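J.: Attaching a single structure in structure tokens format; questions to follow.
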Ligand code: AMP
């Protein structure tokens, strides 16, 4: 009983605000991680974001930084999200430093939309390290 009330409360909290142009689907996997419905290997958490290991790493180090706020794509962030977007990059660098990869080089990627490879529609910053990366990216 208590658990279902909690789940409904959390689902409401992560529903997108009405001014978002793309519908935010609160059942996406990252929203579920934020609600602690599925596990993740957490690397960082603060009042605005969470960082956790990618479940299918594309490099020896691969983690994701996601906002707690429900934003589907980078393109759905609005002017009021400017500080939050900066915070996500700050958190990415903080976790990279904590993992000891900051000076070896790391790549930061945001896929925006399915044509760019986005498969989970909750904004996320990929951080990859531990191998060399080609340019231009594939
Ligand atoms: P993108 O293709 O840019 O949307 O990236 C989505 C990323 O989320 C991929 O790298 C997936 O491996 C990762 N991912 C999907 N499900 C999980 C999960 N449950 N825990 C951690 N990472 C996940």
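The values are calculated or read from the model by the stated rules, or taken from the named source; none is laboratory data. Here the structure is a predicted model, which means the values were calculated and not measured. Cβ sites come from the backbone with ideal geometry, for glycine too, and all protein chains shown count toward neighbours.
J.: Do you know which residues across region 128-138 are within 15 Å of residue 60 (Cα to Cα) and assigned to a loop (DSSP other than H, G, I, E, B)? Quick ask: steps written out before the conclusion?
T.: To start, the set of residues in region 128-138 that are within 15 Å of residue 60 (Cα to Cα) comprises 128-133.
Answer for region 128-138, where residues must be within 15 Å of residue 60 (Cα to Cα) and assigned to a loop (DSSP other than H, G, I, E, B): 130, 131, 132, 133.
J.: Right, next: Going through region 109-127 one residue at a time, which ones are more than 20 Å from residue 32 (Cβ to Cβ), assigned to a loop (DSSP other than H, G, I, E, B) and over 11 Å from the mean Cα position of the chain (by Cα)?
T.: 112, 113, 117
So that you can scan it fast, the table gives a plain yes or no per residue for (1) out of contact with any strand residue (DSSP E or B) (no Cβ under 8 Å at 6 or more places or on another chain); (2) surrounded by fewer than 19 Cβ atoms within 10 Å (Cβ to Cβ); (3) touching a residue at least 60 places away in the same chain (Cβ under 8 Å):
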residue	(1), (2), (3)
29	yes, yes, yes
38	yes, yes, no
44	no, yes, no
48	no, yes, no
55	yes, yes, no
79	yes, yes, no
95	no, no, no
117	yes, yes, no
123	no, no, no
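J.: Say whether the condition of being more than 12 Å from the ligand (Cβ to nearest atom) and within 13 Å of residue 121 (Cα to Cα) is met by at least one residue in region 55-67.
T.: Quick first cut of region 55-67, residues more than 12 Å from the ligand (Cβ to nearest atom) only: 60-61, 67.
So of that shortlist, the ones also within 13 Å of residue 121 (Cα to Cα) come out as 67.
Yes, that holds for at least one residue.
J.: For region 81-93, enumerate the residues that are under 23 Å from residue 57 (Cβ atoms) and in contact with a strand residue (DSSP E or B) (Cβ under 6 Å, 6 or more places away or on another chain). Even if it seems obvious, please write down each step before you answer.
T.: Here is the first cut: in region 81-93, the ones under 23 Å from residue 57 (Cβ atoms) are 88-93.
Answer for region 81-93, where residues must be under 23 Å from residue 57 (Cβ atoms) and in contact with a strand residue (DSSP E or B) (Cβ under 6 Å, 6 or more places away or on another chain): 88, 91, 92.
J.: Hey, any hits in region 59-72 for a residue that's modelled with pLDDT under 95 and buried (at least 18 other Cβ atoms within 10 Å of the Cβ)?
T.: In the first step, residues of region 59-72 are kept if they are modelled with pLDDT under 95; the result is none.
No, region 59-72 contains no residue that is modelled with pLDDT under 95 and buried (at least 18 other Cβ atoms within 10 Å of the Cβ).
J.: Given the conditions (1) farther than 19 Å from residue 26 by Cβ; (2) away from the ligand (no atom under 13 Å from the Cβ); (3) part of a helix (DSSP H, G or I), which single one is not true for residue 47?
T.: It is condition (3) that residue 47 fails.
J.: Taking residue 32 and the conditions (1) part of a loop (DSSP other than H, G, I, E, B); (2) farther than 26 Å from residue 137 by Cα; (3) within 16 Å of the ligand (Cβ to nearest atom), which numbered condition does it fall short on, given that it satisfies the others?
T.: Every listed condition holds for residue 32 apart from (1).
J.: Which residues, counting only those in region 90-112, are in contact with a helix residue (DSSP H, G or I) (Cβ under 7 Å, 6 or more places away or on another chain) and either modelled with pLDDT under 95 or more than 14 Å from the ligand (Cβ to nearest atom) (or both)? Spell out how you get there, then give the answer.
T.: Step one: list which residues in region 90-112 are in contact with a helix residue (DSSP H, G or I) (Cβ under 7 Å, 6 or more places away or on another chain), which gives 102, 106, 108, 110, 112.
Result: 102, 106.
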